[in-house]
Amino acid sequence: MKHKISKATAALAVAIAAVFAAPAVASAYTPDPVVVDSPSALAPGEAGTVTFDDFAPGETVEFTLTGFNASGATLALVAFSAQDSQTITKDANAEGEAAVTVTLPSNARGTYTLAAVGQDSGTSASTTIAVAAAGPGDDGSDPGTALPNAGFDGDALLGLWVGGGVLVLAGASIAVATSVRRARRA
């Protein structure tokens, strides 16, 4: 009987500790930074501002841009050379927001990744910026000077290749069957 009472008392103590510990653990939670505003695509040479939120107020945030010729890009008017990524640090404001202006290089292509890391908290967030294709007239030129798209479209020919492959396999099957039949007759 005494053993059952001590087990019940221990279970009650653990339950009470869990009730009081849960709010303490919940208040220790710091959210990961999120991207509040970011352009999904920029044209070569175009600038756009990316804003991150949920850093600690006043925390120093390190921004790193990586991608093709990122050394030709600028982060908030700071340009670097001879590297595929570049880094700049800024302080988050009183609300925990940190923003940086990204200007892609004039020969930008592919995608670029902008990462933000809080130097005190170690929390991070990132966003991807695609390079928008420059269309006719985007650079101030005459829209009639662009060349038409006359390239190979493999997706449109997929059905032709599959159909041709099926016909070749059917012909080969018939040829093998005919050879086997002749060999058995002989």
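Annotations
Rundown of residues vs (1) part of a helix (DSSP H, G or I); (2) at pLDDT below 65, yes/no style:
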site	(1), (2)
Ser6	yes, no
Val14	yes, yes
Ala24	yes, yes
Pro44	no, no
Thr64	no, no
Lys90	no, no
Glu95	no, no
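- Note on the stretch 118-143: residues that are at pLDDT 80 or above and assigned to a loop (DSSP other than H, G, I, E, B) amount to 6.
- Test: residue in the stretch 53-61 that is polar (S, T, N, Q), at pLDDT 85 or above and not in a loop (DSSP other than H, G, I, E, B): yes
- For the stretch 144-186, taking the residues that are part of a loop (DSSP other than H, G, I, E, B) and open to solvent by 100 Å² or more (accessible area, probe 1.4 Å), the one that is modelled with the highest pLDDT is identified as Ala186.
The values are calculated or read from the model by the stated rules, or taken from the named source; none is laboratory data. Values in this document were obtained by computation on a predicted structure and should not be read as measured data. Surface accessibility is based on the protein's heavy atoms, side chains included, excluding ligands, DNA and RNA. Shrake-Rupley method; radii C 1.70, N 1.55, O 1.52, S 1.80 Å.
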